[in-house]
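The values are calculated or read from the model by the stated rules, or taken from the named source; none is laboratory data. Worth saying up front: this structure is predicted, and the values here are computed from it rather than measured. Here the Cβ positions follow ideal geometry from the backbone for every residue, glycine too, while neighbour counts run over all protein chains shown. The area values use the complete protein model at the heavy-atom level, side chains included, leaving out ligands, DNA and RNA. Shrake-Rupley method; radii C 1.70, N 1.55, O 1.52, S 1.80 Å.
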Amino acid sequence: WNAGGPCDVGAHPAGISPFGCHDLAGNTWEWCLDGFQSDAHLARQRRLDPIVSTQGNVRPLRGGCWRSIAPKLQASYRNWSHRVVQHITIGFRLCRPA
């Protein structure tokens, strides 16, 4: 809680995922591509594509940040913010095909 800022990638090797991903929770909130919907989990149950919609001005954030309390420090925890907000606690993850 309130570590003073985000850490370098890989600074917490004990938290690496089974797939080799670092920092999925607790470094910065991660922007998601889809638009925020409070019931998105219901729509995803019926689709193979995890993106529900890219419409709207509100985007989901996942994973908590260095200022989050413990219950929010999970990759599955969803928060939201207006898509034009810039804040030190919000970031994004770059992905590439394996």
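Non-local amide H neighbours of Trp80 (under 5 Å, H modeled in plane, Pro and chain starts lacking H): which ones?
Amide H neighbours of Trp80: Leu61.
Could you report the accessible area of Ile90 in Å², rounded to 10, computed with a 1.4 Å probe on the protein chains as they sit in the structure?
Surface open to solvent at Ile90 totals about 30 Å².
So what are the ³J(HN,Hα) numbers for the range 27-34, from phi and the Karplus equation (6.51, -1.76, 1.60; θ = phi - 60°), rounded to whole Hz, Gly and Pro as x?
8, 9, 4, 9, 4, 10, 5, 6
State the extension gain, in nm to one decimal, for the chain segment bounded by Val85 and Phe19, taking 0.36 nm per residue of separation less the distance between their alpha-carbons.
20.7 nm
If amide hydrogens are placed 1.01 Å from N in the peptide plane, which non-local residues have theirs closer than 5 Å to the one on Cys65?
Gly26
Within the range 16-40, which residues have the backbone N less than 13 Å from the label spot 7 Å out from Arg93 along Cα→beta-carbon, could you tell me?
Residues 16-33 qualify, since their backbone N sits under 13 Å from the label point.
Using a 1.4 angstrom probe on the protein heavy atoms only, line up His22, His12 by accessible area, largest first.
His12, His22
Answer rounded, prolate or oblate for the range 53-98, using the Cα gyration tensor with square roots of eigenvalues a ≥ b ≥ c: rounded when a/c is under 1.5, else prolate when a/b is larger than b/c, else oblate.
Details: a/c = 1.58, a/b = 1.14, b/c = 1.38.
The shape class here is oblate.
For Leu42, what accessible area in Å² do you get when you roll a 1.4 Å probe over the heavy atoms of the protein chains, rounding to the nearest 10?
Number for this one is 80 Å².
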